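Values in this text are rule-based calculations from the coordinates and carry no lab data. Being a predicted model, the structure only gives us computed values, none of them experimental. Cβ placement follows ideal geometry from the backbone for every residue including glycine, while neighbour counts extend to all protein chains displayed.
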Amino acid sequence: MMKRFLSENKKLLTLALPLIINYMIEACPNFINNAMIAHLGQQALAAGAIVSTSFSSLLLFFYGILVAASTLISHYYGAKEMQSIGLVVRDASVLALICSAVMLIIMSFAPSLLHMAGQSPALIAIAMPYVHGLMLGVIPDFISMVLWQLFLGIGKPKVTLISSLSYVPINLMVNYALVFGHFGLPKLGMLGIGLGTAIGYSLLAVGLGGYALCHPIYRHYFKGSSNGTNIWHIKSLLRIGFPMGAMWTIDQSFFTAAAFLVGMLDVSLLAAQQIAMQITSLIMMMIAGLTQAMSIRLGHTWGAKAYQNAPMIGITGIMNALLLALIASLVLWLWPLQLISVDFDIHNPANLKIVEDAKPLLFIFGFYILANALRYAAFALLRALKDTYFPAFCSLIGFYGIALGLGYPMLFYWHVSINHFWLLATGVVFIMALLMLWRFKWHLRLIPPI
């Protein structure tokens with residue numbers, strides 16, 4: 001048993017470590033772009049925050065649909081149906097173009113949507129150049145996402161890591177040059193951020209596509225893929241991906257809703273909660289990289305019909321996810337003041353209330369991270385088995401039906417503290433994780449005996 005565990009652990013970590021690093025690198029542009037926008041003024045920063053938040057929410061939904069390609073590819077790779085891999089990439093690319101068209105239509109209505117959201121005409125005028133620049137990058141971004149799923153699905157995460165290490169610095173340099181007018185380029189301000197991002201996406205799509213089509217190891221996947229689109233793949237991608245995109249959107253919107261609710265209560269509470277949310281989001285990105293590796297491993301095993309290895313993959317993945325979450329939670333529990341000091345001067349008397357509010361929140365969020373790591377791991381296992389409707393339904397009922405459904409009266413009618421709200425959310429997430437694990441165990445019951 002121990003030998004099997006160590007063997008599986010080595011395979012999982014070989015896939016997971018490049019993915020974890022890749023996820024962390026991908027988070028860098030958002031932070032640095034915000035710093036650039038901040039130099040353009042407070043109005044620009046506010047407009048940039050609105051655009052980036054809205055754009056990210058849309059991206060999450062469509063990414064969920066396209067990421068389903070790695071599930072199908074991992075199954076075909078395990079089954080050694082190599083030609084089918086190229087067909088999935090082809091059909092996922094068609095779906096990416098359809099998703100791009102839908103997203104571009106939505107973005108074209110940005111002025112009206114921002115106006116309906118109560119934003120001022122002046123802020124909308126500042127935001128729109130950023131939106132127009134980003135619109136140019138939607139198609140290459142979605143194509144890049146499909147190509148990433150190719151390399152992840154066949155267990156080659158180092159390719160995506162190298163691509164991120166190459167494109168992120170170039171993207172940031174182009175953004176810097178276009179925003180502030182350096183290196184002989186025009187000073188475009190907000191348009192420069194969007195246009196630079198679009199250029200980065202385009203370079204990434206061309207680089208990944210050229211590498212996949214020209215490299216002898218990957219080129220053979222595309223033999224015979226020039227025939228007509230297979231509607232079955234499109235339906236499968238939507239069946240797996242649509243609930244996944246919905247679930248990711250629900251997850252993000254829950255954090256947004258929590259920020260709105262707390263902001264209605266107290267500004268310092270909102271600042272304290274933002275510290276905890278920011279740290280949690282960063283930690284969950286690392287755990288997401290690990291759990292995606294779990295999904296790929298199980299996809300390969302399921303495709304190869306080596307069903308008896310599935311329980312060990314599940315156990316190994318869950319233990320690693322909980323270990324990573326525990327290490328992160330210990331940092332929150334043992335060094336809360338050091339974490340708070342990253343954003344605020346903890347010795348300034350003006351920040352005393354924020355510090356006092358943030359300390360218990362960080363303690364609670366440590367448990368939230370543990371529960372959410374278990375949920376991420378359970379979802380990864382279900383996703384590998386193409387079961388995404390159940391976890392999406394759990395997220396909808398858990399976050400909106402229970403956490404927010406009970407959280408709102410708790411905060412505004414019963415006047416309990418924000419700490420109790422997050423204790424409720426932590427309990428809900430833990431229950432969702434247990435339900436998903438039960439669902440995975442139900443799938444394992446269908447495994448034929450040896």
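Starting from the Cα of PHE255, step 7 Å along the direction of its Cβ; do the same at ILE105; then give the gap between the two resulting points in nm.
So the two model labels end up 3.0 nm from each other.
What is the spread of the Cα atoms of the stretch 341-450 along each of their three principal axes, largest first, in whole Å?
Principal-axis extents of the stretch 341-450 (Cα, largest first): 67, 33, 16 Å.
Arrange the peptides 208-214, 280-286 so that the one whose residues have, on average, the most other Cβ atoms within 10 Å appears first.
Details: 208-214: 15.4, 280-286: 17.9.
The peptides rank, most packed first, as 280-286, 208-214.
Could you pull out which residues in the stretch 38-62 have an amide N less than 16 Å from a spot 7 Å beyond the Cα of ALA27, following the Cα-Cβ vector?
None, by backbone N distance to the label point.
When N counts the residues of the stretch 76-201, how does its alpha-carbon radius of gyration compare numerically with 2.2 N^0.38 Å, as a ratio?
Numbers: Rg = 18.1 Å, N = 126, 2.2 N^0.38 = 13.8 Å.
Cα Rg divided by the expected 2.2 N^0.38 Å: 1.31.
Give me the one-decimal nm value for the distance between modelled label points at SER56 and ASP266, 7 Å along each residue's Cα-to-Cβ direction.
2.6 nm
Taking θ = phi - 60°, what integer Hz values does the Karplus form 6.51 cos²θ - 1.76 cosθ + 1.60 yield along the stretch 393-406, in sequence order, with x for Gly and Pro?
Couplings: 5, 4, 5, 4, 5, x, 6, 8, x, 9, 4, 7, x, 8 Hz.
Given a Förster distance of 45 angstrom, what is the FRET efficiency for LEU323 paired with ALA125, based on the Cβ-Cβ distance and rounded to 0.05?
It comes out at approximately 0.35.
Over the stretch 241-450, what per residue volume does the convex hull of the Cα atoms give, in whole Å³? Write out the running numbers ahead of the final one.
Numbers: hull volume 21.2 nm³, N = 210.
Per residue, the Cα convex hull of the stretch 241-450 comes to 101 Å³.
Given the options SER236, LEU404, PRO129, identify the residue whose Cα lies farthest towards the positive end of the charge dipole of the chain (+1 on Cβ of Lys, Arg; -1 on Cβ of Asp, Glu).
Value computed over the given set: SER236.
Suppose R0 equals 60 Å. What FRET efficiency, 1/(1 + (r/R0)^6) with r the Cβ-Cβ distance, do ALA35 and MET2 give to the nearest 0.05?
On the way: r = 48 Å, r/R0 = 0.80.
Working from the Cβ atoms, E equals 0.80.
Using only the Cα atoms, what convex hull volume per residue in Å³ does the stretch 314-375 have? Mind showing how you got there, number by number?
Values: hull volume 4.2 nm³, N = 62.
Cα convex hull per residue, to the nearest whole number: 67 Å³.
Ratio of Rg to Rh for the stretch 23-74, alpha carbon only, Kirkwood?
Rg divided by Rh gives 1.15.
Please arrange SER54, SER163, SER70 by how many other C-beta atoms lie within 10 Å of their C-beta, fewest to most. Write down the numbers at each step before the final one.
On the way: SER54 18, SER163 21, SER70 28.
So the ranking, lowest neighbour count to highest, is SER54, SER163, SER70.
Using only C-alpha positions, report the orientation-averaged shadow area of the convex hull of the chain, nm², one decimal.
Values: hull surface 92.5 nm².
Projected area, direction-averaged: 23.1 nm².
Treat each spin label as a single point 7 Å out from the Cα along the C-beta direction, and report the VAL416 to GLN278 distance in nm.
2.8 nm
Please state the charge dipole magnitude for the stretch 13-229, taken about the Cα centre, from unit charges on C-beta atoms (+1 on K and R, -1 on D and E), reported in debye and rounded to the nearest 20.
Dipole magnitude for the stretch 13-229 comes out near 360 debye.
Can you sort MET247, MET103, MET312, MET264 so the residue with the fewest Cβ neighbours within 10 Å comes first?
Numbers: MET247 24, MET103 21, MET312 17, MET264 11.
The order, fewest Cβ neighbours first, is MET264, MET312, MET103, MET247.
When N counts the residues of the stretch 85-155, how does its alpha-carbon radius of gyration compare numerically with 2.2 N^0.38 Å, as a ratio? Write out the running numbers ahead of the final one.
Details: Rg = 16.0 Å, N = 71, 2.2 N^0.38 = 11.1 Å.
Cα Rg divided by the expected 2.2 N^0.38 Å: 1.44.
How much length is gained if the chain between LYS158 and LEU396 is pulled fully straight, taking 0.36 nm per residue apart and subtracting their Cα-Cα distance, in nm to one decimal?
Values: separation 238, 0.36 × 238 = 85.68 nm, distance 3.41 nm.
Length difference between fully extended and current span is 82.3 nm.
I'd like the per residue volume of the convex hull spanned by the Cα atoms of the stretch 13-229, given in cubic angstrom. Please report the intermediate quantities before stating the final value.
Values: hull volume 26.4 nm³, N = 217.
Taking the convex hull of the Cα positions in the stretch 13-229, it is 122 Å³ per residue.
Could you please rank LEU191, LEU95, placing first whichever residue has the fewest other Cβ atoms within 10 Å of its Cβ? Display every interim value, and only then the final one.
Working: LEU191 19, LEU95 23.
In increasing order of surrounding Cβ atoms, one gets LEU191, LEU95.
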